[in-house]
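A.B. asks: Quick one: this structure, given as C-alpha cells, is what I'll be asking you about.
The values are calculated or read from the model by the stated rules, or taken from the named source; none is laboratory data. Predicted model, so just to flag it, every value in this text is computed and none were measured. Cβ sites come from the backbone with ideal geometry, for glycine too, and all protein chains shown count toward neighbours.
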Amino acid sequence: MEQEKAYELYRNLIKIRMAEEQIVAEYSKQEIRTPVHLCIGQEAIAVGVSSCLDKEDFVVSNHRCHGHSLAKGLELQPFFLELYGKQGGVTNGWGGSMHLCDMEHGVIGTSAIVAGGIPIGAGVALAQKIKKEKGITVIYFGDGAVDEGVFWETVNFAGLKKLPILFVFENNKYASQTPDNMRHSYRDIRPIVEGFGLSVAEVDGTDTIAVAENSQALVEKIRSGQGPGFLICDTYRWLGHVGIVDDSHTGYRSPEEVEYWRKKCPVKRMQQYLQQQDSQHSDHKMREIEDECKEKVLMAIQQAKEAPYALD
Amino acid sequence: MPWTKLVADGRNFSDDFSQQNKENRILTYGEAITEAIDQAMKLDSSVIVLGEGVDTAGYLYNTTSGLSEKYGAERVIETPIAEAAITGMTLGMAISGLRPVLMHMRNDFLLVSMDQIVNHIAHWQQLFSCNEGVPLVIRAIVARGWGSGAQHSQSFQALFAGLDGIDVVMPATPYDVKGMFLGAVASARPTLFLEHRWLYNSKGVVPSEPYTISTGMAAIRSEGSQCTVVSMSHANCDVGKALEELATEGLSADWIDLRSIHPWDVETVAKSVVKTGKLLVVENGPVRCGVGAEIAAFISERYWQYLKAPVFRIGWPGSTVPAGPKLEEKYYPSFDEVKREIRKLVEFK
C-alpha cells in the first residue's frame, strides 16, 4: 500500500480510537446522556472498508455506528454535539449515539434495531442501480444481525437482483452477551452466503491493511456489476455491548479471551506496519497525527460542552 | 419536478368537481386506481412499483397489468414474499431520490413488516431530515367476506394512525382513489394507502387528466342538521344508504367521509359537531381503540360544551373476523344497525 494512504488509514484509526477513549473518560460525568456502543478493538474494519469508498458511495450502519461514520468522513464536532444532545449535532439531538448520519459523506442513516438497516441499505443500492449511478452501498452489521430473518431476505434479494452492495459482517462473537454458538446451527456462514450468489472474502478484522485490500477486491467486483460482495471480518469488542467498561467479570466471556484480542489491537498493528514500511519517519509522523487528533477531539468535546442544548 | 405543478393545481372536493365537470366520465374504483398508478408512472420516471404479484398473473386485482411492458421490469419489480425486506427497501429507495410504491394484496400482510414501518419509516424524517423527505406509498387492500376470516380481512387504519411520521388514508370513491393516490405519490411524506376490495366495482365520475387530493381533508357527502355522521372507506356505503332512507322520515344529518385518517380533518368534523351537537363515528374496523375512539376523545375534550349527547360509535365487535357465512353476517354492522344508531342519536335527550 502507498505510504501516504497507509498514514491516512492510521489517521482514521486514531480519530475513532481517541474519540471513543475520550467518551470513556467523560462518560461518568453524565453529560453524555445517551447509551454508547463503542467499537474499540473493531476500528480496523470501518477504516479499511472506507478506504475503498468514494463520496457517492453510501453507508448504512447500526447501533455501533461511531467508527463507521467517523471513518467515512463524519467530522468530530457534529459527532460530539450529537452525543451531548446539543444544537448542531448530526440529527440535532433527536437521534443520539445510535442514529448518526452525515449525508455529505454518504452516511445515509443508521438503525438501532438489529438488522433493521440491512434492507434499507438494499433499497439505497437498488436506487443506485435503477438510476445507473456509479456508487455502491456498504451495509455494516454484526453477528447478532445474521440471526434475523430480514438479513436473509435481503441477502436473497440482493443476490437475485445483483445489487451493488458490500455486506460487511463484523463478527465480534457476541450478540449482547449471547455467544454465537448458542445462536447458530451452522459453523460457517461462508458457503451459505455463497449459495445466494454473493462474492465472499474472509479477513482478520483487526488488520486494517488486510481489510482494505480484501474490500478493494470485492468493491471492484461490485462496481463492475457482478453483484453483491460479502466481507466476513473476524473481530472483537474490548468493552461491553453497551457502556464503557469491559464486562468480562459478568461471566459470559473470560478475561483471557479479552486479553488475547487486546493483543491484536488494530492501532498497534498499524503502528507496527508503518514502522516496518517507513522506519525512519514513522514514529515522528504517527506522533504528529496523534497530537493533531487529540487536540481536535478535546476541542470538539469542549465545544460540545459549551454549546446550547437542542430544544426542538 | 412533475408533482409540484400538479399539486398546486389540485382540486379537492369531488362534489365541486362533478358539478363543473363536462367530461362526466364514469369509472369504477378499480379502474380509477389502475389509471392513477399508470399516470403516476408516466408523469415521473422516479415512480417505482414493487410487491408480490405486481408483475405476475393477477396483477393485484388487475391494477398493475401492462405496467412492466410499458415502463420496464426495472420500474415494476416483482418481489419475493419478504415483506420486511421489501418494506425496508422501499424506504431505502425513497431516501435515494425515487418515489417507490409498495403494494400488498391485504392489510394483514403489513404486519410482517411492522418493524420497518414503525421503527424505521415512521421515524426516518424526524431523525435524519432528508432534503426530499421520505416520498413513499404503501398500498394495502382491505378484504371482506367469502370467509376471508381472521388473517385476510383486517383493517389497520387505527393501528398506524398514532404514528407522527406516516399519513394514513382510506379513499372511498373512484374520484378520491385516483386523486388521493396521485396526492400520496406527490407527497414528501410516507403514506399508507388503504383501499377496500368491496369498493372496487363502485362507480363514479373520474376526470381523465391527473389531479391530486392532499391528505388531511375530509369530504362532506351530504348536509343536514340533526347529527354528524363520520365514516370511512367501505363503511360509507351503509351510511349513505341509511341516510337516504332516513331522509324519507324527515331526518337529516351531516355525513362526513373522513378520507384521511391521519391527519384527520379536525376542522370539518368540529364545525359540523358545533352545528349539530351530536356525533356518530362509523368505523371500518374494530370499535375498541379505533379511529372513532380518537375522534370521540378529541371532540369531548375540546368541544364538550356543544355536545347534546355522548359520542356514539359503531364498528366491528372484536378484532378476530370470523369466516363462516352466518358468523360473518353477524359480525359486520348491518345497514339496519347503522340506521338504528343514527335514529337513536337523533332522538337522544
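A.B. asks: Looking only at residues in the range B:100-117 that are surrounded by 24 or more Cβ atoms within 10 Å (Cβ to Cβ) and over 19 Å from the mean Cα position of the chain (by Cα), which one is farthest from A:D102 (Cα to Cα)?
C.D. replies: B:S113
A.B. asks: Look at the range B:35-59 and say how many of its residues are free of Cβ contacts under 8 Å to residues at least 60 places away in the same chain, touching a Gly at 6+ places or on another chain (Cβ under 9 Å) and part of a helix (DSSP H, G or I).
C.D. replies: Residues meeting the conditions: 2.
A.B. asks: Separate question: Inspect all residues belonging to the range A:64-77 and state whether any of them is at the interface with chain B (Cβ under 9 Å from one of its Cβ atoms) and either of a type in the set (G, A, S) or farther than 30 Å from A:D147 by Cβ (or both).
C.D. replies: No, every residue in the range A:64-77 fails to be at the interface with chain B (Cβ under 9 Å from one of its Cβ atoms) and either of a type in the set (G, A, S) or farther than 30 Å from A:D147 by Cβ (or both).
A quick yes/no check of all residues on (1) surrounded by fewer than 18 Cβ atoms within 10 Å (Cβ to Cβ); (2) within 13 Å of another protein chain (Cβ to nearest Cβ); (3) touching an Asp or Glu at 6+ places or on another chain (Cβ under 7 Å); (4) without any contact (Cβ under 8 Å) to a residue 40 or more places away in the chain:
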{"position": "B:N119", "(1), (2), (3), (4)": "yes, yes, no, yes"}
{"position": "B:H123", "(1), (2), (3), (4)": "no, yes, no, no"}
{"position": "B:N131", "(1), (2), (3), (4)": "yes, yes, no, yes"}
{"position": "B:V134", "(1), (2), (3), (4)": "no, yes, no, no"}
{"position": "B:V137", "(1), (2), (3), (4)": "no, no, no, no"}
{"position": "B:Q151", "(1), (2), (3), (4)": "yes, no, yes, no"}
{"position": "B:F160", "(1), (2), (3), (4)": "no, no, no, no"}
{"position": "B:I166", "(1), (2), (3), (4)": "no, no, no, no"}
{"position": "B:D176", "(1), (2), (3), (4)": "no, no, no, no"}
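A.B. asks: Out of all the residues in the range A:147-167, which are outside any helix (DSSP H, G or I) and either among the aliphatic types (A, V, I, L, M) or more than 9 Å from every other protein chain (Cβ to nearest Cβ) (or both)?
C.D. replies: Listed by number, the residues that qualify are A:K162, A:L163, A:P164, A:I165, A:L166, A:F167.
A.B. asks: Could you please find all residues in the range A:19-46 being over 15 Å from the mean Cα position of the chain (by Cα) and of a type in the set (A, V, I, L, M, F, W, C)?
C.D. replies: Hits for the range A:19-46 are A:I23, A:V24, A:A25, A:I32.
A.B. asks: Have a look at A:I108, A:I139, A:I120 and point out the one that is within 14 Å of chain B (Cβ to nearest Cβ), under 18 Å from the mean Cα position of the chain (by Cα) and part of a helix (DSSP H, G or I).
C.D. replies: Sole residue among the options that is within 14 Å of chain B (Cβ to nearest Cβ), under 18 Å from the mean Cα position of the chain (by Cα) and part of a helix (DSSP H, G or I): A:I120.
A.B. asks: Something else about it: Consider the range A:172-226. How many of its residues are farther than 24 Å from A:L160 by Cβ, in a helix (DSSP H, G or I) and in contact with a Cys (Cβ under 8 Å, 6 or more places away or on another chain)?
C.D. replies: 3
A.B. asks: Okay, moving on. Could you pull out the residue among A:E43, A:E26, A:E82 that is under 24 Å from A:L9 (Cα atoms), touching a helix residue (DSSP H, G or I) at 6+ places or on another chain (Cβ under 8 Å) and acidic (D, E)?
C.D. replies: A:E43
A.B. asks: Sticking with this one: What are the residues in the range B:204-219 that are in contact with a Ser or Thr (Cβ under 7 Å, 6 or more places away or on another chain) and under 20 Å from B:N284 (Cβ atoms), if any?
C.D. replies: B:G204, B:T215, B:G216, B:M217, B:A218, B:A219
A.B. asks: Here is a further query. Looking at the structure I just gave you, is B:V311 buried (at least 18 other Cβ atoms within 10 Å of the Cβ), farther than 18 Å from B:R259 by Cα and touching a Leu at 6+ places or on another chain (Cβ under 6 Å)?
C.D. replies: Yes: the conditions hold for B:V311.
A.B. asks: Quick check on A:S282: is it surrounded by fewer than 14 Cβ atoms within 10 Å (Cβ to Cβ) and at negative phi?
C.D. replies: Taking the combined requirement at face value, the residue does not satisfy it.
A.B. asks: Report every pair of residues separated by at least 6 positions or lying on different chains whose Cβ atoms are under 9 Å apart, first residue within the range A:199-221 and within 9 Å of A:C233 (Cβ to Cβ), second modelled with pLDDT under 95 and aromatic (F, W, Y).
C.D. replies: So the pair list comes out empty.
A.B. asks: So B:S96 clears everything in (1) within 7 Å of chain A (Cβ to nearest Cβ); (2) outside any helix (DSSP H, G or I); (3) in contact (Cβ under 8 Å) with a residue 12 or more places away in the chain except one condition, right? Which one?
C.D. replies: (3)
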